[in-house]
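Report on the following structure.
The values are calculated or read from the model by the stated rules, or taken from the named source; none is laboratory data. On a predicted model such as this, the values are computed, not experimentally measured, just so you know. Using ideal geometry, Cβ is built from the backbone for each residue, glycine included, and neighbour counts are taken over all protein chains shown.
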Amino acid sequence: MNTDALRDPVKTLLVTGSSGLIGSEVVAGFSADGWAVHGVDNNMRADFFGPQGDTRWNLQRLKETHPAFQHHEVDIRNRAAVVELLKTVKPDAVVHTAAQPSHDLAASRPFDDFDVNAVGTLNLLEATRLACAESPFVHMSTNKVYGDAPNEIALKELETRWDYADAAYDDGIRETFRIDQSKHSLFGASKVAADVMVQEYGRYFGMGTCCLRGGCLTGPNHSGVELHGFLSYLIKCNLEGRTYRVFGYKGKQVRDNIHSHDVVAFMKRFIDAPRKGEVYNLGGGRANSVSILEAFRLISEISGKEMKHEYVDQNRQGDHICYISNLDKLKAHYPGWDITKSLRQTFVEIHEAWCRRKG
């Protein structure tokens, strides 16, 4: 008997932004599960952020670690190329992580920001619908779709952080929080357009789609820069003895950090049991929340180095003062998923990764 004929056919995944933080973790995680993984990445991060944002090192790492991984140098703004790629690969699932991720850069390059974030997402959605409409589509959205409306929540000032004064938000912000009538930054607005379109392809066309409204996504393979990648960049500054600039809010602004490993673990669960047009707030939750001041203290404990910083008495436009993701809906729909990487463990892994890259 030919036992090969009895084996399940290999499933194929297409992941955009495959050389970035989440994308590369997707490549590794699904490759380990036996998927044939195709990555799409044209290193726009280097164009956006210069040499420090370059992700070619990560692409090379993926090729060396996962020999079966196939890389495609495709710009998601190129509609014809995206349609042709989806027709050729016909993936069993699509994970879309490619994006222009910076508030500040979006303001100086608004067309590039919108074309990558909004138009690029539409290109991928329509190409997926034409080639493989039954394939689940996971979109890496952002909590910035809520704009600065979370800043309207009553806050209390503690010694090292801001926190919610309203008990209704003790467990964080839910998916029902409004997304309009607030300042988003142009980046946030382009991500809103993408987020709503992903929902619409689920609701209107009946496709299995979800938007993951990420908190601070982080991990050891992040090429953090000042304009994006707060935790990775902060730890890099500590390692190199560089001065970290704190923008407003007394350095007490809070983010919930989620390790890329836990992000990918949720994506796998959604792809196994997709829903139509769903949205999930995906962050570290209260247990993995940290202020900038608290992050300074924690990395100093880990590295043994003092954190050099300077204060700029001007917050970034649209910046959240305190943002913690409520994970109740996500856990209710996918009860097998939970945070596995603690805040301290995440700090240690990022610090060790920067040490390795520094050589």
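Return yes when residue 205 is part of a loop (DSSP other than H, G, I, E, B), at pLDDT 95 or above, over 21 Å from the mean Cα position of the chain (by Cα) and of a type outside the set (D, E, K, R) and no when it is not.
When the stated conditions are applied, residue 205 passes them.
Taking strands (runs of 3 or more DSSP E) that fall entirely within the stretch 104-200, which contain at least 2 residues that are out of contact with any strand residue (DSSP E or B) (no Cβ under 7 Å at 6 or more places or on another chain) and under 24 Å from residue 229 (Cβ atoms)?
No strands (runs of 3 or more DSSP E) qualify here.
Which condition does residue 62 not pass, out of (1) more than 30 Å from residue 318 (Cβ to Cβ); (2) modelled with pLDDT under 95; (3) crowded, with 20+ Cβ neighbours inside 10 Å, if it passes all the others?
Here residue 62 meets the rest and fails (2).
Taking the stated definitions as given, is residue 80 without any contact (Cβ under 8 Å) to a residue 60 or more places away in the chain and under 30 Å from residue 107 (Cα atoms)?
yes
Condition check ((1) of a type outside the set (A, V, I, L, M, F, W, C); (2) within 24 Å of residue 214 (Cα to Cα); (3) touching a His at 6+ places or on another chain (Cβ under 9 Å)) across all residues:
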{"residue": "24", "(1), (2), (3)": "yes, yes, no"}
{"residue": "49", "(1), (2), (3)": "no, yes, yes"}
{"residue": "54", "(1), (2), (3)": "yes, yes, no"}
{"residue": "78", "(1), (2), (3)": "yes, no, no"}
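Taking the condition of a type in the set (Ser, Thr, Tyr), touching a residue at least 60 places away in the same chain (Cβ under 8 Å) and under 29 Å from residue 295 (Cβ atoms), does residue 218 pass?
Here the answer is yes, as residue 218 does meet what is asked.
Is there a residue in the stretch 211-218 that is polar (S, T, N, Q), crowded, with 22+ Cβ neighbours inside 10 Å and assigned to a loop (DSSP other than H, G, I, E, B)?
No, the stretch 211-218 contains no residue that is polar (S, T, N, Q), crowded, with 22+ Cβ neighbours inside 10 Å and assigned to a loop (DSSP other than H, G, I, E, B).
Search the stretch 18-40 for residues that are more than 12 Å from residue 265 (Cα to Cα) and pair each with any residue that is in a helix (DSSP H, G or I) and β-branched (Val, Ile, Thr) when their beta-carbon atoms are under 6 Å apart and the residues are at least 6 apart or on different chains.
Filtered contacts from the stretch 18-40: 18/27; 37/27; 38/89; 39/27.
Out of 324, 350, 299, report the one residue that is β-branched (Val, Ile, Thr), within 23 Å of residue 102 (Cβ to Cβ), in contact with a Gly (Cβ under 6 Å, 6 or more places away or on another chain) and surrounded by 15 or more Cβ atoms within 10 Å (Cβ to Cβ).
324
Which residue, of 330, 293, is touching a Gly at 6+ places or on another chain (Cβ under 6 Å) and assigned to a helix (DSSP H, G or I)?
On inspection, the qualifying residue turns out to be 293.
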